[in-house]
There are 2 protein chains.
Amino acid sequence: MGAPAQTDLPQGTLDLLILRVLALGPMHGYAIARRIQQTSREVLAVQQGSLYPALHRLENKGALSADWKLTDTGREAKFYRLTARGRTRLESETANWRQLVEAVGLILGDPEGERR
Amino acid sequence: MGAPAQTDLPQGTLDLLILRVLALGPMHGYAIARRIQQTSREVLAVQQGSLYPALHRLENKGALSADWKLTDTGREAKFYRLTARGRTRLESETANWRQLVEAVGLILGDPEGERR
DNA sequence: CCCCCATACCTATCGCTTCTACATATCATC
DNA sequence: GATGATATGTAGAAGCGATAGGTATGGGGG
């Protein structure tokens, strides 16, 4: 319940998070944001002004598709799901992220850098 | 000598890398870029058009100070070194980075996320 | 001697993403 | 009927890294 410590997300990270959450199944935007915040133990906070443009971008790129449905609570919401292209994108972005983390770890001198 | 795989650096990462490299001792810009590339096993490539503006920004913020000296090969170069403020900044940015990596790891479902 | 490459610095501009701030609408609860 | 959570959206600002240029020097090969 503390305020999220990670106020700013590095560029490109949001796409990865969205894609990964949607790999668990279709979900609407608001729920995606909540899921990210909860799963990250309140460290990551996705702003609405970042979330919806990101979803639209991913949809335009063909990584997501969406349709309006009713939520559990009986409200209209836009449910997004991964397309085949989105799944591919998730894989490449995940690999890219891990490589980045490992590379930065080498610079920082993290012991994990040598592990493997 | 493969081409660097990480073409784009996420926003904010470059400062961290520069500060960390300079924590090892004063160095000029061109050498900083080389060091990052080598230490990361050719994964990270720092473009000159990113490097020099970043150095100037960090200098303006008081994280670095610079003066011209001769390199080993007898050429003029601008040697940067960490200020006290820069050292503080390095620590906070490092902590921030680790927290980010852990949080994203939780979303991705990395086993490391549970470790600790 | 000349050309090329690595070294070493710099800047203008673009592109992209995220953030801030605002606007809208429904539903449940008090 | 007011309030807060749910749910979506846009406009504008800000920041950073990348692209693409430019300058200058030194060393090695042809």
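The values are calculated or read from the model by the stated rules, or taken from the named source; none is laboratory data. Here the structure is a predicted model, which is why all the values come from computation and not from measurement. Every residue, glycine among them, receives a Cβ derived from its backbone with ideal geometry; neighbour counts consider all protein chains shown. Quick note on the areas: whole protein, heavy atoms, side chains included, nothing else; ligands and nucleic acids left out. Shrake-Rupley method; radii C 1.70, N 1.55, O 1.52, S 1.80 Å.
With label points defined 7 Å past Cα in the direction of Cβ, position A:GLU76 shows copy-to-copy spacings of 6.8 nm, given to one decimal and shortest first.
On a per residue basis, the stretch B:13-109 carries 52 Å² of accessible surface, using protein heavy atoms and a 1.4 Å probe.
Count of lysine pairs in the protein assembly as shown with Cα atoms under 30 Å apart, counting only pairs 8 or more residues apart in sequence or on different chains?
Values: A:LYS61/A:LYS69; A:LYS61/A:LYS78; A:LYS69/A:LYS78; B:LYS61/B:LYS69; B:LYS61/B:LYS78; B:LYS69/B:LYS78.
Count of close lysine pairs: 6.
Inter-copy label distances for B:THR88: 5.0 nm (label point placed 7 Å from Cα along Cα→Cβ; shortest first). Using the alpha-carbon atoms, what tilt in degrees (0 to 90, nearest 10) does helix B:29-39 show relative to the longest principal axis of chain B? Roughly 40 degrees, rounded to the nearest 10. Treating the angle as unsigned and between 0 and 90°, give the value, to the nearest 10°, between the Cα long axis of helix B:13-22 and the longest Cα principal axis of chain B. Approximately 50 degrees, to the nearest ten. Over the protein assembly as shown, the alpha carbon radius of gyration divided by the compact-protein estimate 2.2 N^0.38 Å works out to 1.16. Take each residue of peptide B:93-106, count the partner chain Cβ atoms within 10 Å of its Cβ, and average: the result is 6.
In nanometres, what is the gap between the two model label sites at B:ARG87 and B:ARG57, each 7 Å from Cα along Cα-to-Cβ? Roughly 2.5 nm, to one decimal.
Across the identical copies, the 7 Å label point of B:PRO111, projected outward along Cα→Cβ, sits 1.8 nm from its counterparts, in ascending order. Looking at the square roots a ≥ b ≥ c of the eigenvalues of the Cα gyration tensor of the stretch B:65-116, which shape do they give, rounded for a/c under 1.5, prolate if a/b is larger than b/c, or oblate? Prolate, since a/c reaches 1.5 and a/b exceeds b/c. Restricted to Cα atoms, chain B shows a radius of gyration and a Dmax of 15.8, 51 angstrom. Of the accessible area of the protein assembly as shown, computed with a 1.4 Å probe over protein heavy atoms only, carbon and sulfur atoms account for 49 percent. The B-A contact accounts for roughly 3100 square angstrom of buried accessible surface, both chains included, probe 1.4 angstrom. To the nearest 10 degrees, how steep is helix B:48-60 against the longest Cα principal axis of chain B, on a 0 to 90 scale? The helix B:48-60 is inclined about 80 degrees to chain B.
Inter-part distance, the stretch A:3-66 to the stretch B:23-46, computed on C-alpha centroids, equals 33 Å.
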